[in-house]
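Notes follow once the structure below has been shown.
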Amino acid sequence: MPRMTENAMKPVHIVGGGMAGSEAAWQLACAGVPVILHEMRGVKGTDAHKTDGLAELVCSNSFRSDDHRTNAVGLLHEEMRQLNSIILTMGDRNRLPAGGALAVDRDAFSAAVTKTLSEHPLVTVERGEVSGLPPEEWDSVIIATGPLTSDSLSKAILDETGEGELAFFDAIAPVIYRESVNLEKAWFQSRYDKGETEAEKKAYLNCPMDKAQYDAFIDALLDAPKTEFKEWEADTPYFDGCLPIEVMAERGRETLRHGPMKPVGLTNPHDPTVKPWAIVQLRQDNALGTLFNMVGFQTKMKYGAQTDIFRMIPGLEGAQFARLGGIHRNTFLNSPKLLDSQLRLKSRPRLRFAGQLIGVEGYVESAAMGLLAGRYAAAERLGRPIGAPPATTAMGALIAHVTGGHLDGGKGSFQPMNVNFGLFPAIETPKVDAEGKRIRGKAKGVARKMAMSARALDDLSAWQNA
């Protein structure tokens with residue numbers, strides 16, 4: 001255990017006992033730093049939770065793929081296991097048969113996390129709502145209250161950050177891997193060639209449609225199955241200006257053509273004499289240039305329908321999606337603007353944020369950000385600050401994205417993100433396999449992912465042992 005400083009025995013306060021808060025508490029306690037974990041359930045419930053257990057899984061029992069060699073979330077599992085994650089430890093102990101996925105017995109999993117933390121001598125669980133910004137005497141705080149943050153705390157955060165509404169139907173547009181776009185049909189150009197530099201003048205990827213293609217696309221949107229709002233979302237209105245594309249299509253067949261799909265200010269270099277009937281634009285979403293966001297394409301269509309319908313768009317026939325669209329009640333910060341690389345609020349550095357509040361999507365991603373927040377807070381208490389994991393790791397790539405890797409596209413452009421290989425720095429794809437045979441076709445993508453995963457685990461080990 002690192003040598004304690006005079007300040008080390010002061011507790012770190014954690015607000016929220018979900019995935020991120022539970023993981024942060026565990027990391028702090030294992031480092032020898034006392035924790036007071038504040039959880040309002042048991043005193044005040046939420047619209048979605050059914051118990052007062054820590055790390056309660058609300059919507060699904062699956063942590064998704066557990067393949068750490070070719071899947072980014074599986075790699076995140078493995079990294080967290082290597083960093084002594086309580087969420088992965090208890091997930092493994094309470095797993096259910098699920099093929100290549102990690103699924104758990106939800107009740108047993110939550111009970112195991114609750115028991116382990118409650119019995120730890122350095123962890124105190126206090127039941128009750130933290131109704132505003134934590135008091136000044138709490139000099140180190142991690143706020144990890146998730147998408148169902150209480151109204152009073154949401155208002156306090158809103159008053160401090162001034163970043164607009166925190167709880168609404170968050171409208172998420174799909175994100176596509178750049179390498180999967182067909183540039184024999186799509187092209188780079190900003191409307192009316194706006195911009196001072198060549199990069200600005202070619203900031204968008206454009207996918208053209210003729211009238212028949214547009215009409216077929218609108219028919220598919222109108223007929224597509226839509227997901228239903230959850231009970232606790234039913235009374236929350238759509239966010240103005242971010243209507244689902246299928247809702248816009250229902251208002252008239254020409255609505256999209258005069259909205260996000262308007263074909264003005266653009267010339268198709270593949271067929272310059274023909275004016276497209278409609279155009280779908282994709283905007284670069286991250287600094288690495290590996291991910292592109294479908295502009296104005298927030299949707300409530302079911303996932304299977306999204307992939308089928310969006311691949312009807314010329315240039316996106318082979319599109320691979322880093323994230324599909326969705327609309328749901330959410331609470332999250334504009335983290336690239338508000339947080340530093342240690343997840344501290346720039347205006348009040350004693351406050352750290354973790355989990356879905358910082359703009360990650362998914363149980364595992366939320367827990368991973370709690371793990372880092374806990375380690376950062378512990379290192380600060382112990383007088384041994386640490387940097388972020390390398391961006392070549394799953395955790396490092398994810399935190400780099402939410403604290404600076406996202407390209408600002410204006411109000412509302414930052415959206416929650418799952419971990420995916422599009423967030424990782426590029427790597428040279430191996431040309432031959434272990435037997436010396438040339439790698440061809442789809443095997444190249446698999447080989448690249450395996451190389452990224454191997455690099456990530458090596459770099460994580462070096463970071464951990466530094």
**Q.** Kirkwood-based shape ratio for the chain, expressed as Rg/Rh from alpha carbons
**A.** 0.98
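Rg/Rh for segment 100-230: what does it come to with C-alpha atoms and Rh from Kirkwood? Spell out each step's value before the answer.
Details: Rg = 24.4 Å, Rh = 21.6 Å.
A ratio of 1.13.
What size of dipole, in debye to the nearest 20, comes out for the chain about its Cα centre when the only charges are +1 on Lys and Arg C-beta atoms and -1 on Asp and Glu C-beta atoms?
Values: 53 positive and 57 negative charges, 219 e Å.
Approximately 1060 debye in magnitude.
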**Q.** Taking the C-alpha atoms of segment 254-400, convex hull volume expressed per residue in Å³
**A.** 156 Å³
Q: Starting from the Cα of residue 449, draw a straight line to each of the lysines and keep only those under 23 Å, dropping any in the same chain fewer than 8 residues away.
A: 431, 437
Q: Identify the trypsin sites (Lys or Arg not before Pro) of segment 192-227 meeting these criteria: DSSP loop state and at most 16 other C-beta atoms within 10 Å of the C-beta.
A: 194, 202
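What percent does the relative contact order of segment 352-415 come to when contacts are Cα pairs within less than 8 Å and at least six residues apart?
Numbers: 38 pairs, mean separation 16.3, N = 64.
Relative CO of segment 352-415 lands at 25 percent.
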Q) residue 262: which lysines have alpha carbons under 26 Å from its alpha carbon, excluding same-chain residues fewer than 8 sequence positions away? A) 185, 194, 201, 202, 211, 226, 275, 300, 302, 411
Q | Dipole of the chain, positive direction: furthest Cα of 358, 324, 420, with charges on the beta-carbon | A | 420
Q: Describe numerically, in nm with one decimal, the distance between label points set 7 Å from Cα along Cα→Cβ at residue 267 and at residue 219.
A: 3.4 nm
Q. At a probe radius of 1.4 Å, what is the per-residue accessible area of residue 433, in Å² to the nearest 10?
A. 60 Å²
Q | Sum of -39500 (n - 2.57) over DSSP H runs of 4+, divided by residues of the chain (222 nm, nearest 500) | A | -9000 deg cm²/dmol
(Q) Using +1 at the C-beta of Lys and Arg and -1 at the C-beta of Asp and Glu, which of 376, 259, 397 has the Cα lying farthest in the positive direction of the dipole of segment 249-398? (A) 376
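Using the Kyte-Doolittle scale, find the helices of the chain whose mean hydropathy is at least -1.0 and whose Cα atoms extend 20 Å or more along the helix's long axis, counting only whole DSSP H runs.
On the way: long enough: 363-381 (27 Å, 0.23); 443-465 (33 Å, -0.32).
Helices meeting the span and hydropathy rule in the chain are 363-381, 443-465.
Please arrange 188, 63 by accessible surface area, largest first, computed with a 1.4 Å probe and ligands excluded.
Largest to smallest exposure gives the sequence 188, 63.
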Q: Could you work out the Kirkwood radius for segment 327-466, taking every pair of different alpha carbons, averaging 1/r and inverting it, reported in Å?
A: 16.5 Å
Q: Can you spot the lysines whose alpha carbon is less than 24 Å from residue 10's alpha carbon? Ignore those fewer than 8 places along the same chain.
A: 115, 346
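Show me the ranking of peptides 66-79, 266-279 by mean Cβ neighbours inside 10 Å, starting with the highest.
Values: 66-79: 22.6, 266-279: 15.4.
Result, highest mean Cβ count within 10 Å first: 66-79, 266-279.
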Q: Using a 1.4 Å probe and ignoring any ligands, DNA or RNA, find the accessible area of residue 105 and quote it in Å² to the nearest 10.
A: 60 Å²
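Sequence gap at least 6, Cα distance under 8 Å: using those rules, report the relative contact order of segment 176-223 to the nearest whole percent.
Values: 30 pairs, mean separation 14.9, N = 48.
After rounding, I find 31 percent.
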Q) Which whole-angstrom value gives the distance between the alpha carbon centres of segment 313-363 and segment 87-162? A) 18 Å
**Q.** Largest-first principal axis extents of the Cα set of segment 359-441 (Å)
**A.** 52, 37, 22
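Determine the relative contact order of the chain: mean sequence separation of Cα pairs under 8 Å and six or more apart, normalised by residue count, in whole percent.
On the way: 913 pairs, mean separation 97.4, N = 466.
Relative contact order for the chain comes out at 21 percent.
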Q) Is the shape of segment 287-359 rounded, prolate or oblate, going by the alpha carbon gyration tensor and its root eigenvalues a ≥ b ≥ c, with a/c under 1.5 for rounded and a/b larger than b/c for prolate? A) prolate
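The values are calculated or read from the model by the stated rules, or taken from the named source; none is laboratory data. No experiment lies behind these values; they were computed from the predicted model shown. No Cβ is skipped: glycine too gets one built from the backbone with ideal geometry, and neighbour counts run over all protein chains shown. Just the protein is used for accessible areas: all its heavy atoms, side chains included, with ligands, DNA and RNA removed. Shrake-Rupley method; radii C 1.70, N 1.55, O 1.52, S 1.80 Å.
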